[in-house]
Amino acid sequence: MYLEIVSPEATLFAGEVTSVTVPGINGEFQMLKDHAPIVSLLQKGNVKVEGNITIDEAHENKFSKDASGKTILAITSGTIELKDNKVIVLAD
């Protein structure tokens, strides 16, 4: 599954991942390969990404790792779209 995380300043991440978990307005939800298409608003929380991820060093300071090894990006709001195994997160 391909993930792009875009902020108003730059594309923070683009690459292949195994799963993405986001803070939806009705609660946290996870997307895996071949998930049904979805568009949702996001609320304040963490975008959690699993996979062999390489973050561009210009944006490394925005990401962290949790105890289970997931890559974490804190957001205040945003939108997510998933279609044909391509996830786009527009994050603030």
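The values are calculated or read from the model by the stated rules, or taken from the named source; none is laboratory data. Because the structure is predicted, anything quoted here is derived from the model rather than measured. Cβ coordinates were reconstructed from backbone atoms using ideal geometry, including for glycine residues, and neighbour counts include every protein chain displayed. Side chains are part of the model used for accessible areas, which takes the heavy atoms of the whole protein and leaves out ligands, DNA and RNA. Shrake-Rupley method; radii C 1.70, N 1.55, O 1.52, S 1.80 Å.
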*Which of (1) within 20 Å of residue 1 (Cα to Cα); (2) modelled with pLDDT under 95; (3) not hydroxyl-bearing (Ser, Thr, Tyr) is the odd one out, the single condition residue 66 does not satisfy?*
(1)
_So residue 58 passes all but one of these: (1) of a type in the set (A, V, I, L, M, F, W, C); (2) modelled with pLDDT under 95; (3) within 18 Å of residue 2 (Cβ to Cβ). Which condition number does it fail?_
(3)
*Report, by residue number, each residue of the range 16-29 that is in a strand (DSSP E or B) and either open to solvent by less than 40 Å² (accessible area, probe 1.4 Å) or among the charged types (D, E, K, R) (or both).*
16, 19, 20, 21, 22, 23, 24, 27, 28
*Could you tell me whether any residue of the range 5-15 is open to solvent by 50 Å² or more (accessible area, probe 1.4 Å), at negative phi, of a type in the set (Asp, Glu) and not in a strand (DSSP E or B)?*
yes
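Is there a residue being part of a strand (DSSP E or B) and open to solvent by less than 20 Å² (accessible area, probe 1.4 Å) anywhere in the range 30-38?
Applying the first criterion (part of a strand (DSSP E or B)) to the range 30-38 yields 30-32, 38.
With the extra rule that they be open to solvent by less than 20 Å² (accessible area, probe 1.4 Å), the set shrinks to 31.
Yes, the range 30-38 contains at least one residue that is part of a strand (DSSP E or B) and open to solvent by less than 20 Å² (accessible area, probe 1.4 Å).
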*Show the residue pairs that are 6+ apart or on different chains and have beta-carbon atoms under 9 Å apart, the first residue being within the range 26-49 and closer than 16 Å to residue 91 by Cα and at pLDDT below 95, the second being open to solvent by less than 90 Å² (accessible area, probe 1.4 Å) and in a loop (DSSP other than H, G, I, E, B).*
none
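Within the range 45-92, which strands (runs of 3 or more DSSP E) (wholly inside it) include 1 or more residues that are surrounded by fewer than 17 Cβ atoms within 10 Å (Cβ to Cβ) and charged (D, E, K, R)?
Working: elements: 45-50, 63-65, 71-75, 78-83, 86-91.
Answer list for the range 45-92: 45-50, 63-65, 78-83, 86-91.
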